[in-house]
Structures are given as C-alpha cells and as structure tokens.
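The values are calculated or read from the model by the stated rules, or taken from the named source; none is laboratory data. Computed from a predicted model, the values in this text were never measured in an experiment. No Cβ is skipped: glycine too gets one built from the backbone with ideal geometry, and neighbour counts run over all protein chains shown.
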Amino acid sequence: MVDSGATLIARLREAVGPAHVLTVPDEMSPYLVDWRGRYHGRARCVVRPSATDEVAAVVKLCAESGAPIVPQGGNTGMCGGATPDTEGNEIVVSLGRMARVRAIDPANATITVEAGVPLATVQEAAAKAGMYFPLSLASEGSCTIGGNLSTNAGGTAVLRFGNARELTLGIEVVLADGRVWDGLRGLRKDNTGYDLKQLFIGGEGTLGIVTAAVLKLFAWPHSRVTAFVALRDVERAIDCLKNLRQALGDRLTGFELMSDIALGFSRRHHPTLPDPLPGHRWYALVQADDPAQESALTGQVERALTAAVESGSALDATIAQSSEQAMKLWALRENISEGQRREGPNLKHDISLPVSAIPDFLARAEAALTGAFPGVRFVIFGHLGDGNLHYNLSAPEGVAPERFLEQTDAAAHIVYDLVDAAGGSISAEHGIGQLKRDELKRHKAELELELMRRIKAAFDPAGILNPGKVL
C-alpha cells in the first residue's frame, strides 16, 4: 500500500532531520531543472541525507510506500538523467551533503570518497597527498563523484587513464530495498565472481544509489607540457595523434579536437581568452605528463610537434611557456560548452566512433545535415584519442534557436544512424537519461535490451529507482 504524501514526508524528516526535507517550491526549484534548462520536473520533496545509513533509511521508506526516487549529484548532467518527471510524485534524493573524503592510502594508491564529493575536491585531496587523480571534466568544480560514476564519465585524460570504470576499484551502494552493499575494496585483483560494481557504474541510478567509492591514484606529474596545434583536417589530426603517441608513449594524456566554430563560441563569450593560432579550420589541445622529476618531456614534445609540422600532419603549433598560459589554453577548450549555451539552445550529440571512422562520418554527417538544415553551424569538439566527439549543432544565423530545437528528433536520427552504420555509440560519456531513451531502443539489439531489462528487474523489481531513465 502506498502511504499518503504527508505521512511519507513526516517519516523522511525523522530519518534525515526536518531541515533536510525540502517541500517549499522555491527551495526545491534548483533540484528540478537540468543544467541545460531543457528538462523541468516536479517532485513531492527533495531529501538531502548526510550519510549512507540515512540514504538507506530514505530508500527503505520509499520502497515501503512505493514512492519513486530520483538520485541526484551535482546536477550537471546533459541528458536529464537526474531530473524528475512532471507528475510530482517522485522523491529527489540529493547526495550533496555526503561530501567526506573517508581515507587516502598512498601505499595502495587509493582514495575513498563519498558520492557527494565534488570532482575538484578529489583532485585537491590527492594532490595534498602528493598523488594524482586524473579524471578531469569542464564541470569538475560542481559535478560529484556519484554523478561521475553514474554516467561512467570520461573527460580529457581517457587517452591515458581510461573512463571512470577504469579508475574505480570498489563502491558502496544502497540497493532498491534499502540494504547496503559494502563493496569498498581497494583491490586491483579480485577474481571472486561477477564484478558487480560495473553494473552500477554507468547505471544512472537505476539499479542502486552509489554512496561511496574507492578510486585509483597515480604518481604526481612533475613535468607537464601543454601545446596548441593547428590542423588542416581531421585525417591529418589522426596522423598527428598517431605520431605523438609513438613519440611520447603513455605520457600523452590528452588530445582534444576542436573546430574553429567551437573555439569561436568560446572566445566570443570569454573575450579575455587567447587566440594563439588564428585562421585555421581545426585545432588540437595536446597534454603530456611525466611523473619523473628530471624529465626531458618538453624537448621531446617540441621535437614531436616539429616533426608533425614538417610532415604535414600539423600546420603549426605553439607550446605554453608557463602554467598560466597552459591554463588559458585549457580554458579555451573548457568554455566551449558554456559559450554554446550562451549562444542559445542547441542540439547535442555525445557520440563515439572508431577513430579511423571519424573523417568519413564527419563528411557524411555534414552533407546530410546541411541538406536537411541549410546554414546549420557545426560545433564539434571532443576527445579524439578515444573516439569521443561532442557533435553539436547550433541554429543557422537568423533562425530562432527555439525553432531550431523543433528539429531535435530529425537531426538525431541523421546523426545516430550514421554513427550506428560506422560501428559507433550514441552515448560516449553523458549517459542515456531521458534524452536518448527512445534512441536507445532504435540502436540497441533487442537481445541487449532484454538483458538490460532482466538486470533492472533483478535489482529493482518495483521499479522505483530513477524510473523512465535509460529504459
């Protein structure tokens, strides 16, 4: 039997304290809209637990009353995965108060943190211990570890360190019935059956609520080189990437591809940013790191880029001469999304492809989309080293962005059909949420969907965890 809303809210207040169950519309409103402003929901209340046992108590109460739950971290997602629906029956469980660093183990090279810890805080805690946590996103000051794990976040260092999956050794999860699975193991080898944590990482809160994680740390990079490279086209960008990999090995941590339009949006709305190599169609931001205290990395990068220019795989290149210059170059890349947001509503496609298939995909997609939407502006950037493109479309000049949004489905079908044909994925690192739920049905094999539904039914038989997301 489902409890009345008033009874459930009263019990939730007993569980977490009256001040941390929000019911006033103005207090709830920041939790009811996604970062892009695309999804606006309603909720019965917003609950803000501060510890795992409080999360467990909240989930148990919701399970007993049949109340659906929407877990939420920093609320920086791109696909509406942390936004409630418009019915007003769901309980938003915000984990922002679970912000403790529980332990750092330098000998084991691990850090144990709660789900509400901002990504930047994890990076800072690791640095204070003389170590390095490599996950890095433009939203790292506000996104949280729980959200990063729920979408299997990637970011700018996947080329060297992998996605969130590869950076996670153990997790703690509150299950759909309120029980807690303590999987906080700092082991790199544990071959004792199914690797359960991988079901929750990337699960977008549909199978359980991640409340803490054991994350890998790495040696601090004593040498760091940042370079900005001008490129003729993406085929030559791939050649440049291949040559840098050969020259630098795993010290090459990032290779960020950016179109001139993407950089133009970044600069337009952040006019103090530099314009180091103007007038080219494509650019790459290159990052190389070396933990060795006496490293020849700078000279090796210089020689590798000189060879790239001489061979024609790059047109020009410049290397940051200080950490301040490097930060400004990275700001160009990190402010692209904000620049595009200020330009107005846009169509975002977070896709991945085999790196070798990217040039052909770009040519086919540009031809198809230009034919369908004359004047469309291609705002393309992403992590070329792992095949992840943020393939975004802005309205043609003179066309109201809101009107252009009416083409969302038509544009997505063109993009995703071409991605599918090239053996790619319709979601690289942003998840599915509610934005791509229907597209998932178009592009996943029926057997895969059946297996996913079976897993969902096994972990959440009542369907109360983030309903309407992913599946």
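Listing for the model above:
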| quantity | calculated |
| --- | --- |
| All positions within the range 428-470 that are closer than 18 Å to Gly208 by Cα, hydrophobic (A, V, I, L, M, F, W, C) and surrounded by 18 or more Cβ atoms within 10 Å (Cβ to Cβ) | Ile432, Phe459, Ile464, Leu465, Val470 |
| Answer from Ser150, Ser142 - the residue that is touching a strand residue (DSSP E or B) at 6+ places or on another chain (Cβ under 9 Å) and over 24 Å from Trp330 (Cα atoms) | Ser150 |
| Neighbours by Cβ (under 7 Å, 6+ apart or cross-chain): first from the range 422-441, without any contact (Cβ under 8 Å) to a residue 40 or more places away in the chain; second assigned to a loop (DSSP other than H, G, I, E, B) and among the β-branched types (Val, Ile, Thr) | Arg437/Val470; Glu439/Ile426; Leu440/Ile432 |
| Single residue of the range 163-204 satisfying the filter (closer than 23 Å to Pro134 by Cβ and among the basic types (Lys, Arg)) that is farthest from the chain's Cα centre (by Cα) | Lys189 |
| Index of the failed condition, Gly141 passing every other in (1) outside any strand (DSSP E or B); (2) modelled with pLDDT of 95 or more | (2) |
| From the options Ala292, Ala317, Ala307, residue that is part of a helix (DSSP H, G or I), touching a Ser or Thr at 6+ places or on another chain (Cβ under 9 Å), outside the structural domain of Gly382 (by TED's automatic domain parsing) and aliphatic (A, V, I, L, M) | Ala307 |
| Some residue of the range 356-369 being in contact (Cβ under 8 Å) with a residue 24 or more places away in the chain and in contact with a Pro (Cβ under 6 Å, 6 or more places away or on another chain) | no |
| Among (1) more than 29 Å from Gly387 (Cβ to Cβ); (2) out of contact with any Leu (no Cβ under 7 Å at 6 or more places or on another chain) - the single one Asn243 does not satisfy | (1) |
| Flag for Glu402 being without any contact (Cβ under 8 Å) to a residue 24 or more places away in the chain and in a helix (DSSP H, G or I) | no |
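Every residue, every condition in (1) outside the structural domain of Ser50 (by TED's automatic domain parsing); (2) surrounded by fewer than 23 Cβ atoms within 10 Å (Cβ to Cβ); (3) touching a helix residue (DSSP H, G or I) at 6+ places or on another chain (Cβ under 7 Å), yes or no:
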residue: Glu90; (1), (2), (3): no, no, no
residue: Pro106; (1), (2), (3): yes, yes, no
residue: Ala109; (1), (2), (3): yes, yes, no
residue: Glu114; (1), (2), (3): yes, no, no
residue: Val117; (1), (2), (3): yes, no, yes
residue: Gln123; (1), (2), (3): yes, yes, no
residue: Tyr132; (1), (2), (3): yes, yes, yes
residue: Ala138; (1), (2), (3): yes, yes, yes
residue: Gly141; (1), (2), (3): yes, yes, yes
